[in-house]
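Worksheet for the structure shown next.
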Amino acid sequence: MAGEVTLSAAVRSSLLSLSGTENLISRTQDRLASGLKIASPVDDARIFFQAKGLNDRASDFTEKKDGIDQGISSLSTALEAVETIDSLVQQLKGLANAAKSASTSELSSIQTQYNELLTQIDNLAADASYQGLNLINGTGSTLDVEFSTTTTSLISVASVDLTTGTLGLDITSVASLTVSSTLTTKIDDALAELDTALDTLRSNAQTLGSNVALLQTRLDFTENYVNVLEEGAAKLTLANITEEGANLVALQTRQQLGISSLAFAGQSEQGVLALFR
């Protein structure tokens, strides 16, 4: 066909080799720039989707990790409040014991202080919320923390009522005492109520502390598991930068040799042309 250029076999071979080397150089430069040897399904579909599966699972568990972390904060808030209420109840016991030998005016002052502490306990219970969830200011609320995306593994913590005057902490007896022959008996009854309240508080503190420890264990496991998944995906897709750098040097050398080979092939054809001159 007119205008068609016919290349010799040697030239075509040199051009094909040079083109292949340039493609390899481009691929190696991409790997060095991105740090990935498998960046898309085109590179290796099987390995790409295998790594994607690991990264997706790591992402799912990262979300669960955030939920566990928030669950720890919710429980820690409740636990801190329970321990503070315990301290306030201890102060109530001190006031109740002081009331045994108090005069009428002293008893009135003790009752005022006692009522103030009761109010502070209720206020504290009301304030012990974390992200809108209060686990000690009444029943009916539940903290649910899921550990997995593939199983039903979770923990549920029901709220309790640790306000004064309730079954949880019925400690209002000393709030309305008068000096009488039965005062000591009434105060002993009130102290018994306070001791029962302390038992309730410490039982709740133990439960909350146990749940915090459980969540912390699951949090540590989840963090380590996410790292393992991400490391596994990286092993499949990350490029060896040192190896790729050496490859680039070798390929650039091959490219120079290919250019030289193409020049030699051209010189050979010019030699044939000289025979016709």
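Each residue of region 96-246 gets 157 Å³ once the volume of the Cα convex hull is shared out per residue. Sequence-ordered 3J(HN,Hα) estimates for region 187-197 from the Karplus curve with 6.51, -1.76 and 1.60 and θ = phi - 60° stand at 5, 4, 5, 5, 5, 5, 4, 5, 5, 5, 5 Hz, glycine and proline given as x. Counting neighbouring beta carbons within 10 Å and listing from fewest to most, the residues 110, 171 come out as 110, 171.
So which lysines pass the test for residue 186, namely a Cα distance under 30 Å, with those fewer than 8 places away in the same chain ruled out? Partners found: 93, 100. Ordering 185, 200, 149 by the number of other Cβ atoms within 10 Å of each residue's own Cβ, fewest first, gives 185, 149, 200.
Placing R0 at 25 angstrom, the Cβ-Cβ distance between residue 179 and residue 88 gives a FRET efficiency of 0.50 after rounding to 0.05. Amide H contacts of residue 161 (H built 1.01 Å from N, in plane; Pro and chain starts excluded): 138, 139 sit under 5 Å, all sequence-distant by 5 or more or on other chains. Between residue 144 and residue 103, the FRET efficiency from the beta-carbon distance, with R0 = 45 Å, is close to 0.25.
Values quoted throughout were computed directly from the atomic coordinates according to the rules given, and no laboratory measurement underlies them. Here the structure is a predicted model, which means the values were calculated and not measured. Here Cβ is always computed from backbone atoms with ideal geometry, including for glycine, and neighbour counts include all displayed protein chains.
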